[in-house]
Amino acid sequence: MNSNASSLAEKAAIDAGLDFSRLPVHVAIIMDGNGRWAKKRRLNRIKGHEKGAETVRMVLRTFRKIGIPNLTLFAFSTENWQRPKTEVAALMRLLKKFLLSEEQEMIENNIRLNAIGQLERFPEDVQKSIQKVMGSTEQNDGLLLSIALSYGGRADIQKMVYDIAAKVKTGKIDPAEITPELISNHLYTRSVPDPDLLIRTSGEMRISNFYLWQIAYTELYMTKTLWPDFSKEECIGILKEYQQRNRRYGNIEE
Ligand code: IPE
Ligand code: IPE
Ligand code: MG
């Protein structure tokens, strides 16, 4: 491990024997299980989301200290709009509160915010807080934090097809130029490499319309832990397990 990595890294990660030369470049997380966490305690689901926001803070800090350059958090799906109005409103309030309360720490710690998804569907005050923090962290080149908001893998693909078709129609793109790279460059994630690791909490074994195109060769890790209970130790353990995986990309082992 180089001294730079050791100065940045959390002691826990060093203790756990994480190999700092083989860290994932991009980790994406489906943060699930807030509602069940609250239900288990006979609390309102909103309490689960509040507790979940604390886990977000912890995970963001842990990844920054370890030195992982890209993190995506799936915070709100295109389908989540169907939830009761009160729950949607509480999630909006929490999102705004999270962004504004973390802004200073993001600026100080070289974190850049990249909100992806149908941002235009959010209430104006939420959109403003997203734009504010994206603006104030724009120059940062440390961790790139992508937050997927009103994001759907299918909506992402639909928009990409629409944009490419429009360019073909006006003659800007020739159909023969449509390569996987061109497709990637027309998705919400155009500035982000494909995830190396996708973590889902709460035990569900599904993707729930999160990244689709982007996870072609992503390593998957599903844990039964509910998002509010997700700990730094488990997080580091998952990174360790990722380092044991043999990524063959369809080829054979050397
Ligand atoms: C994840 O927790 C947060 C969002 C999807 C916004 P859930 O609210 O889905 O929690 P469960 O799945 O009902 O336990
Ligand atoms: C996925 O969780 C969406 C987010 C974590 C933002 P859901 O709770 O919405 O997914 P399903 O309904 O269990 O598939
Ligand atoms: Mg859920």
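Observations, loosely collected:
- In this structure the amide hydrogen of Glu219, modeled in the peptide plane, comes within under 5 Å of the amide hydrogens of Leu197, Leu198, none closer than 5 places in sequence on its chain.
- Solvent-accessible surface (1.4 angstrom probe) belonging to Ile215, in square angstrom, nearest 10: 30
- Each other residue within a Cβ distance under 14 Å of Val59 adds +1 if Lys or Arg and -1 if Asp or Glu, for a net charge of -1.
- The chain - Rg over Rh from alpha carbon coordinates, Kirkwood radius: 0.97
- Residue-by-residue Karplus 3J(HN,Hα) for the range 190-199, coefficients 6.51, -1.76, 1.60, Hz, glycine and proline x: 3, 9, 10, x, 4, x, 7, 9, 10, 10
- Whole-Hz ³J(HN,Hα) from phi, Karplus 6.51 cos²θ - 1.76 cosθ + 1.60, for the range 15-26, glycine and proline x: 4, 6, x, 5, 8, 6, 8, 10, 7, x, 7, 9
- Of the GluC sites (Glu not before Pro) in the range 199-251, the ones in a loop by DSSP (not H, G, I, E or B) with at most 14 other beta carbons within 10 Å are Glu204.
- When Ser146, Ser231 are compared by accessible area at a 1.4 angstrom probe, the order from most to least is Ser231, Ser146.
- Scanning residues 5 or more positions from Ala75 or on other chains, those with amide H under 5 Å from its amide H are Ala148, with H placed 1.01 Å from N in the peptide plane.
- Of the listed residues Met92, Met31, the order by accessible area with a 1.4 Å probe, largest first, is Met31, Met92.
The values are calculated or read from the model by the stated rules, or taken from the named source; none is laboratory data. Everything numeric here is computed off the predicted structure, so don't read it as measured data. Note that each Cβ is placed from the backbone with ideal geometry, even for glycine, and that neighbours are counted across all protein chains shown. Surface accessibility is based on the protein's heavy atoms, side chains included, excluding ligands, DNA and RNA. Shrake-Rupley method; radii C 1.70, N 1.55, O 1.52, S 1.80 Å.
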